Structure formats: structure tokens, C-alpha cells
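The values are calculated or read from the model by the stated rules, or taken from the named source; none is laboratory data. Predicted, not measured: the structure shown is a model, and the values here were computed from it. Cβ placement follows ideal geometry from the backbone for every residue including glycine, while neighbour counts extend to all protein chains displayed. Areas reflect the complete protein model, heavy atoms only, side chains present, ligands, DNA and RNA absent. Shrake-Rupley method; radii C 1.70, N 1.55, O 1.52, S 1.80 Å.
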Amino acid sequence: MAEAPLLAVNGLIKRFGGLVATDQLDLEVGAAEVHALIGPNGAGKTTLIGQVAGELRPDAGSIHLTGRDITAEPVHRRCALGLARSFQITSVLRDFTVLENVALAVQARLGHSFRFWRNARRDPALTGPAGDILAQIGLAERAGMPAGALSHGEHRQLEIAMALATRPRLLLRDEPMAGMGPEESARMVEILRGLKGQVGMLLVEHDMDAVFALADRITVLVYGRAIASGTADEIRRHPDVREAYLGHDDGAH
Ligand SMILES: Nc1ncnc2c1ncn2[C@@H]1O[C@H](COP(=O)(O)OP(=O)(O)OP(=O)(O)O)[C@@H](O)[C@H]1O
Ligand SMILES: [Mg+2]
């Protein structure tokens, strides 16, 4: 029997009143695959991410992570099974250093009690792995700086470092380049590219250059339905995609 995919979404349906935001969606992410989800505003990308993360309950269908049915599992169970914990900017402790924030995320994975944190923030068992992750993400120079002093782009890098500290198998990213200038975006693409092979990724992104640079597979969502799925080349050439989504483009991609 073939090994179960990292993530398998089957027949997923999510309605908001009369609106069908996720419409019979099937989608898979293989181990260490970067699967990008693209589509116009309101297509249902964030709604899908919310259902996979466990923040939104689907009306029908199923979600499996490494073969386990997580459709009804709470967020923390999904994390224990390998879904990246979503550390948003709001969960970063601004007065703590960058290194301490990542060390806290390492501690969360190890399940230590937060009561011992006052000592743990200098515990090499936590700061060691945290430092390694910062080096990989390109934030080592900022390790001793309060997280509140980081630029917007560096903040987004820190979120990824904190997610990696939980040793996830699947990383969910909803518009990681949003609000970034070209330099910060390029840096983020390089960081995400550096994670290829280490972790699977479901990536929502409007920046098509970033998507084409990163994705092993691309699914195009329109009105909650997957209208096409394939490699970057297949998606670029797909007539329905060009019309529905890239239609206004000059075809230069
Ligand atoms: N909590 C909600 N209640 C009601 N309608 C919602 C809710 N969340 C999303 N929707 C609607 O569901 C549809 C899909 O929204 P969603 O945010 O998933 O789109 P998206 O593809 O992420 O768009 P964008 O590219 O603008 O981020 C939209 O029509 C949106 O208005
Ligand atoms: Mg969205």
C-alpha cells in the first residue's frame, strides 16, 4: 500500500450562510512538497488554511494528516501530529529577545511547564536549538535584540523560526510576503526555498514570481473550487487558469 500523503483534503465543504467558500475540494500535499494555492480575492484560500489549521470546522469532507483523520481534532492535537503551530505576530513576546522567543517555542514542543521559564530562558537545551534555527532563517544577528525592535520582514522571519522550533512536518503559510517590499520578499523566498526538503508546505501567495519560484505543485482555486492543479509550467499554460486568473496578465510569465 502506498504511504499516506502528508496532507489529504477530501470532499471538503465550508459554507458561510448561502456562500460556499470551500466547494467539494480535494487536495494533497506530499512529504516535503511545497504546494501553492493561488486564486483571486475571495476564492477561499484563507478559509481552507483555517480548516486545515483547525480554526474553522468544515461542514462536510475530511482532512487527514499522515493518514490520521484530523477533521475534528483541536488545534493542539494537530500540532502534536506535525502541523506547524501558527505563531502570529501577536504571539511574539515583544520585550523578550528574538532568541528567547524561539527558545520558548522549543520549550512548547518539549512540553516543559512555563512555570520554569525564568530559568529556562538561559537553558542551553532550549537556547542551543533556538540559535541553530535562527542561523538557518538568517536572523542570528538579531538573536539578542528585543523582538519588538524587529522590522516587519524580520518579524515574519521570526514567526517561521518559531514554527520550525516545533519541528513540524507541514507548514501553513497564508501570504507570507504580504506587506513586504521587493527586498524583504526576495529574502523570504530564499528562506522558504531553504526549507524545501525539510518540511512540507501549503502556501497561499499572491506574488506569482514567489509561487513559481517555490512551488512543486500549484492548485488554482476559484469560488472555492480547484479549477486546475499541476506544476508551474502546467499552470502557466492551462487555458482555464489564464482566463480565470492570469487572464489580465500579458503572458510574460
Ligand atoms: N467568517 C466569515 N463569515 C462569512 N463569510 C466569510 C467568512 N470568512 C470568509 N468569508 C467569505 O468566504 C469567501 C472566501 O474568503 P477567503 O478569505 O477564504 O478568501 P481568500 O481566497 O483568502 O481571499 P484573499 O485573497 O482576499 O485573502 C469570501 O467570499 C469571504 O467573503
Ligand atoms: Mg486570504
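Looking across region 196-234, the residues that are away from ligand 1 (no atom under 16 Å from the Cβ), touching a residue at least 40 places away in the same chain (Cβ under 8 Å) and assigned to a loop (DSSP other than H, G, I, E, B) come down to LYS196, GLY197, GLN198, VAL199, ALA215, ASP216.
Count of region 152-189 residues, restricted to those that are part of a helix (DSSP H, G or I), without any contact (Cβ under 8 Å) to a residue 40 or more places away in the chain and outside the structural domain of ALA108 (by TED's automatic domain parsing), is 7. The set of residues in region 27-66 being in a strand (DSSP E or B) and farther than 22 Å from ASP233 by Cβ consists of ALA60, GLY61, SER62, ILE63, HIS64, LEU65.
If I ask for residues that are assigned to a helix (DSSP H, G or I), open to solvent by less than 50 Å² (accessible area, probe 1.4 Å) and either touching a residue at least 24 places away in the same chain (Cβ under 8 Å) or within 16 Å of ligand 1 (Cβ to nearest atom) (or both), which ones from region 127-151 would you list?
Of the residues in region 127-151, the ones assigned to a helix (DSSP H, G or I) are 127-137, 140-142, 147-149.
When the remaining residues are screened for being open to solvent by less than 50 Å² (accessible area, probe 1.4 Å), the result is 127-131, 133-134, 137, 147-148.
Hits for region 127-151 are THR127, PRO129, ALA130, GLY131, ILE133, LEU134, ILE137, ALA147, GLY148.
Among the residues of region 1-48, just one is modelled with pLDDT under 95 and among the charged types (D, E, K, R), namely GLU3.
In region 23-55, which residue that is in contact with a Pro (Cβ under 7 Å, 6 or more places away or on another chain) and open to solvent by less than 40 Å² (accessible area, probe 1.4 Å) is farthest from ALA215 (Cα to Cα)? Spell out the reasoning first.
Restricting attention to region 23-55, the residues satisfying the condition of being in contact with a Pro (Cβ under 7 Å, 6 or more places away or on another chain) are 28-30, 51, 54.
Next, from what is left, pick out any that are open to solvent by less than 40 Å² (accessible area, probe 1.4 Å): 29-30, 51, 54.
Details: VAL29: 11, GLY30: 12, GLN51: 21, GLY54: 24 Å.
My answer is GLY54.
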